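First the structure, in the form of structure tokens, and then the observations on it.
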Protein chains: 6
Amino acid sequence: MASVLLAVFVNGKICKDPKMVSANDFFFPGLNKPGNTSNPLGSMVTLANVNKFPGLNTLGISLVRIDYAPYGLNPPHLHPRASEFLFCVEGTLFAGFVTSNPEDPNVKNKLFTKILYPGDVFVFPQGLIHFQYNVGKTNAFAFAGLSSQFPGVNTIANAVFGSDPPINLDVLTKAFQVDANVIKYLQAQFK
Amino acid sequence: MASVLLAVFVNGKICKDPKMVSANDFFFPGLNKPGNTSNPLGSMVTLANVNKFPGLNTLGISLVRIDYAPYGLNPPHLHPRASEFLFCVEGTLFAGFVTSNPEDPNVKNKLFTKILYPGDVFVFPQGLIHFQYNVGKTNAFAFAGLSSQFPGVNTIANAVFGSDPPINLDVLTKAFQVDANVIKYLQAQFK
Amino acid sequence: MASVLLAVFVNGKICKDPKMVSANDFFFPGLNKPGNTSNPLGSMVTLANVNKFPGLNTLGISLVRIDYAPYGLNPPHLHPRASEFLFCVEGTLFAGFVTSNPEDPNVKNKLFTKILYPGDVFVFPQGLIHFQYNVGKTNAFAFAGLSSQFPGVNTIANAVFGSDPPINLDVLTKAFQVDANVIKYLQAQFK
Amino acid sequence: MASVLLAVFVNGKICKDPKMVSANDFFFPGLNKPGNTSNPLGSMVTLANVNKFPGLNTLGISLVRIDYAPYGLNPPHLHPRASEFLFCVEGTLFAGFVTSNPEDPNVKNKLFTKILYPGDVFVFPQGLIHFQYNVGKTNAFAFAGLSSQFPGVNTIANAVFGSDPPINLDVLTKAFQVDANVIKYLQAQFK
Amino acid sequence: MASVLLAVFVNGKICKDPKMVSANDFFFPGLNKPGNTSNPLGSMVTLANVNKFPGLNTLGISLVRIDYAPYGLNPPHLHPRASEFLFCVEGTLFAGFVTSNPEDPNVKNKLFTKILYPGDVFVFPQGLIHFQYNVGKTNAFAFAGLSSQFPGVNTIANAVFGSDPPINLDVLTKAFQVDANVIKYLQAQFK
Amino acid sequence: MASVLLAVFVNGKICKDPKMVSANDFFFPGLNKPGNTSNPLGSMVTLANVNKFPGLNTLGISLVRIDYAPYGLNPPHLHPRASEFLFCVEGTLFAGFVTSNPEDPNVKNKLFTKILYPGDVFVFPQGLIHFQYNVGKTNAFAFAGLSSQFPGVNTIANAVFGSDPPINLDVLTKAFQVDANVIKYLQAQFK
């Protein structure tokens, strides 16, 4: 991080004058507190990316805490700019990801899954759809590290059926090869 | 591309001995032929990535030709390792992409769309879900460039409802917040 | 693209406040119009880089349309920051590039060439001198994708014989190992 | 990860034939087990880099578990190819890092420190000397994520006073500006 | 550089088994010897890139020594994969580079030049055409550092007028806007 | 370097309006003057990084001149963001670097060294501790190139024993496994 006369910008974020930087810029407290999982998915992601944790600027890494109620789900999603490792701290998680389209059209997208117990790690490569599901009877939680200070997240159900404005009905009925009423029903869940 | 005694590997691909390289390695013919769109989606992607076009190795770029029958759809998908520009050559395409999840939970994923006429270009940032739909009465076709020699592609419907093995029913019913029969119906389309 | 309080800069370009971004930022119309080839070279490059197409910012890709009158030439040039694929849409193009200096001084720089018909693609690796020449009797045009949002272009004849100020005569006579009058004659073409 | 006929190498690691890849390649179990801290430093780092966890290949991320006995120390060290976040799971850690040399010779290298309680995160930028010290009366442990699949680690005391062969005595006495006996005494601790 | 069972490849170069690496891999002797400048250009470049100096593998840097007889010229050339700094050690060098084409067609490519005396440094950005000319009455020499372990070099005169096979006469006469005899004369110098 | 209306920032540095750029921005004079080695280490590093030499911005390279009195030492240090080549111009230098920790705990960090005479080059990989010591009876000097425009430097003795504030005594006594008085003595040299 270089200093210039007035202000410094690095990768789109304002970089503090080095003389004003303190230990607090590199410190992010409070990830011991469980996130509130009282929501339809029964999960909560608490995020420490560069927008919330300025010291990550230029460092190419960020992290999240994820909490899961029993049968809570971190639903199928992907990170457009990062790979991720997920470390199961408590509980029992069913985790998986789907590979890219095969170039051989007779082969299907592969689903790779594992049951994760405390101490187990699973890796989700950049841009692939992945999920975790609490298959135990107790709360679960996990930590994850991501290979970008600003990884982004696209939740499939929300992006496809809950965007603003909605994706055109013709597009979705053709893409999913179902009746328009099925799509309307799906879209109704994300209004 | 450097030469060594026996063989040379660059980014996972065998790199030819420079003395054996010829103009043909940098040449890819035949993209003037329309792809066959006689399929349920009414579209066909013809791909020239590094697996099919060795001269792209280390160059960080690849390309595709996309054909669309009337009302043909290149369904919602994403590229985990590349951004894309799409150039409409013939026909009328409705193109769109959905932004990443907002960090403010009261804001929805935004859908950005445009009607593309011949000569129009639209850009799809890396890892974001995008689609094109032929809204004209004639065949359409487009060319696209991608910022990777091996961009990958994840088609949302196939990855979510057609993976091998299928994603667990509990995961999908919770993710899409619908009845299991709806998910089974969706999965049945991609068996 | 991250948001900060006042303004956001990414890779040297101002990045819009995400709330102000619209579909138009990712849209570039009008590349169906042939460029005006009424000039000594008989060719015209119409460029869509990040300076003209803001949505390319951070995406690592850009594109051009190139038109050629009969016997029109896109003269020997190179891109200091990008590799390129060139797709021949109409006409017949003679395309080529020259490899880097061999480390074995008895070997010469190799010229790789192809005649491109509609649907053919040729690739020009980053920083190598390349050209296209319309060898047909009709107008030709091509699209190209480049692996940078700001690839730059150095046209050899203009850079070497038409710079401002001119390159010293002694330098050029020695470099090209010809009489000063030949260099003066060459320089006179680019005043 | 691309497939070729015989074998695939990515960034120096053999990449499996995609058809042979399984979920186990992306899975690393057992990080719930505390490392053995019965050693002079009272700490143990358990590492999951690409050498031990092949699925990290090309993903740009890795992780470690660190255990600390009471007054256990992860001594001053640095990672030549990665930045790191450290998440305190249990116990009380005193963590710090030292910034690069100031260009103004009258200013000293700054030490930034924090006491970390469970749930607190501290970040160590790439290549900077950092440490953690268990200042509580109980065992402590932490997880860390690193922005490289092969970050490397240089422990200062071992590299400076315990290398094989030892660094020349004249170099070290001058570098640390102390009597040769002091250096010999320091070196004796790392034989 | 990671070790695997049989062999390790990094960026296209074989990487030694770490146990077999020695100090000699990181050592390149003899750059105190002037290169032989008894050639038409009166200059000689002595190169230490990764092909000749294996320890540079993955390090992103290389170097050259350049010798110049009086009025010796390192002719206009460029490096497709590296920027360069040039440090004048002895003698008086006239050094310059030409910027990329302006996007405003009424502005010409700019030539930036400096007379370099011992101790002066000039920088040539990646992919731009540059040269050095000994304008003193004594031998001169310089060292240069390049931002790639395999920067490549394209000498303009040789690539344009001396390639194998030659670039088509029509292409060159149009590019340089001169009579074919001038081009033939230029080509004759590089046969 | 792109131009925008008001100002341009690239990688954290202000980038001049291209119309205001001149040859002086790419020029750094005066490295023929020996640095003043009248200091306890008997060495002086004269640095041309992007803060002092604006033309290096975005170019990924920088350089230093290093002078050594007889028995002068450039003490053990590292660059967090760059690899380095060192070219010995005059004198006799003993140069070395220490590799990363072995993953096999029974193996020690390896020290690689060479005696450098004029014309010899040694390479120091990114983030590894290295030094040079003048073992001749005359002044020595060297030039070095670094693979970053802002490489940073961490001098081990100063960072470990001379930081502001000092590293906690308990941390250092445990890290170096010596008596607190030894650490206090070491710290006293860097107050």
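Restricting segment A:130-140 to residues that are in contact with a helix residue (DSSP H, G or I) (Cβ under 9 Å, 6 or more places away or on another chain) and open to solvent by 10 Å² or more (accessible area, probe 1.4 Å) leaves a set whose member that is farthest from D:Val50 (Cα to Cα) is A:Val135.
Of everything in segment D:77-95, what is in a strand (DSSP E or B), at the interface with chain F (Cβ under 9 Å from one of its Cβ atoms) and surrounded by fewer than 24 Cβ atoms within 10 Å (Cβ to Cβ)? Give them in sequence order. Across segment D:77-95, the qualifying residues are D:His77, D:Phe94. Within segment E:149-170, residues that are facing chain C (nearest Cβ under 7 Å) and open to solvent by less than 40 Å² (accessible area, probe 1.4 Å) reach partners that are of a type in the set (Lys, Arg) and not in a helix (DSSP H, G or I) with beta carbons closer than 7 Å, at six or more positions or on different chains, in the pairs E:Gly152/E:Arg81; E:Gly162/C:Lys108; E:Ser163/C:Lys108; E:Ser163/C:Lys110. From the set of residues in segment F:130-145 that are among the hydrophobic types (A, V, I, L, M, F, W, C) and not in a loop (DSSP other than H, G, I, E, B), which is farthest from the chain's Cα centre (by Cα)? Restricting to residues being among the hydrophobic types (A, V, I, L, M, F, W, C) and not in a loop (DSSP other than H, G, I, E, B), the top hit is F:Ala140. Can you confirm whether segment B:175-184 contains a residue that is under 30 Å from C:Val123 (Cα atoms), within 11 Å of chain A (Cβ to nearest Cβ), surrounded by 17 or more Cβ atoms within 10 Å (Cβ to Cβ) and in contact with a Ser or Thr (Cβ under 7 Å, 6 or more places away or on another chain)? Taking every residue of segment B:175-184 in turn, none turns out to be under 30 Å from C:Val123 (Cα atoms), within 11 Å of chain A (Cβ to nearest Cβ), surrounded by 17 or more Cβ atoms within 10 Å (Cβ to Cβ) and in contact with a Ser or Thr (Cβ under 7 Å, 6 or more places away or on another chain). Counting only residues that are in contact with an Asp or Glu (Cβ under 7 Å, 6 or more places away or on another chain) and either assigned to a strand (DSSP E or B) or at positive phi (or both), segment E:96-113 holds 2 of them. For segment A:114-129, the set of residues classified as open to solvent by 40 Å² or more (accessible area, probe 1.4 Å) and assigned to a loop (DSSP other than H, G, I, E, B) consists of A:Tyr117, A:Pro118, A:Gln126, listed by residue number.
Condition (residue is of a type in the set (S, T, N, Q) and closer than 29 Å to B:Leu59 by Cα) applied to segment E:107-120: is it met by at least one residue? Lay out the reasoning, then the answer.
Residues of segment E:107-120 of a type in the set (S, T, N, Q): E:109, E:113.
Those still in the list that are closer than 29 Å to B:Leu59 by Cα too: E:109.
Within segment E:107-120, one or more residues are of a type in the set (S, T, N, Q) and closer than 29 Å to B:Leu59 by Cα.
Can you spot a residue in segment C:40-48 that is out of contact with any Gly (no Cβ under 6 Å at 6 or more places or on another chain), free of Cβ contacts under 8 Å to residues at least 24 places away in the same chain and part of a loop (DSSP other than H, G, I, E, B)? So far as segment C:40-48 goes, yes, one or more of its residues are out of contact with any Gly (no Cβ under 6 Å at 6 or more places or on another chain), free of Cβ contacts under 8 Å to residues at least 24 places away in the same chain and part of a loop (DSSP other than H, G, I, E, B).
In segment D:97-113, what count of residues is obtained for those that are of a type outside the set (D, E, K, R) and modelled with pLDDT of 85 or more? Count: 9.
Under the condition of being within 15 Å of the chain's Cα centre (by Cα) and either within 30 Å of C:His79 (Cα to Cα) or of a type in the set (Lys, Arg) (or both), the residues counted in segment B:52-84 number 13.
Residues that are among the β-branched types (Val, Ile, Thr) and in contact with a strand residue (DSSP E or B) (Cβ under 8 Å, 6 or more places away or on another chain) within segment A:138-188 comprise A:Thr138, A:Val153, A:Thr155, A:Ile156, A:Val160, A:Ile167, A:Val171, listed in sequence order.
Looking only at residues in segment F:25-76 that are touching an Asp or Glu at 6+ places or on another chain (Cβ under 7 Å) and more than 8 Å from every other protein chain (Cβ to nearest Cβ), the one that is surrounded by the most Cβ atoms within 10 Å (Cβ to Cβ) is F:Ser43.
For the criterion of being open to solvent by 10 Å² or more (accessible area, probe 1.4 Å) and more than 7 Å from chain A (Cβ to nearest Cβ), B:Val107 passes. Checked against the criterion of being touching a helix residue (DSSP H, G or I) at 6+ places or on another chain (Cβ under 8 Å), part of a loop (DSSP other than H, G, I, E, B), closer than 13 Å to F:Phe28 by Cβ and among the polar types (S, T, N, Q), segment F:51-60 has no qualifying residue.
The values are calculated or read from the model by the stated rules, or taken from the named source; none is laboratory data. Values in this document were obtained by computation on a predicted structure and should not be read as measured data. Every residue, glycine as well, gets a Cβ built from its backbone with ideal geometry; the counts of neighbours run over all protein chains shown. Just so you know, the surface numbers come from the protein's heavy atoms only, side chains and all, with ligands and any DNA or RNA stripped out. Shrake-Rupley method; radii C 1.70, N 1.55, O 1.52, S 1.80 Å.
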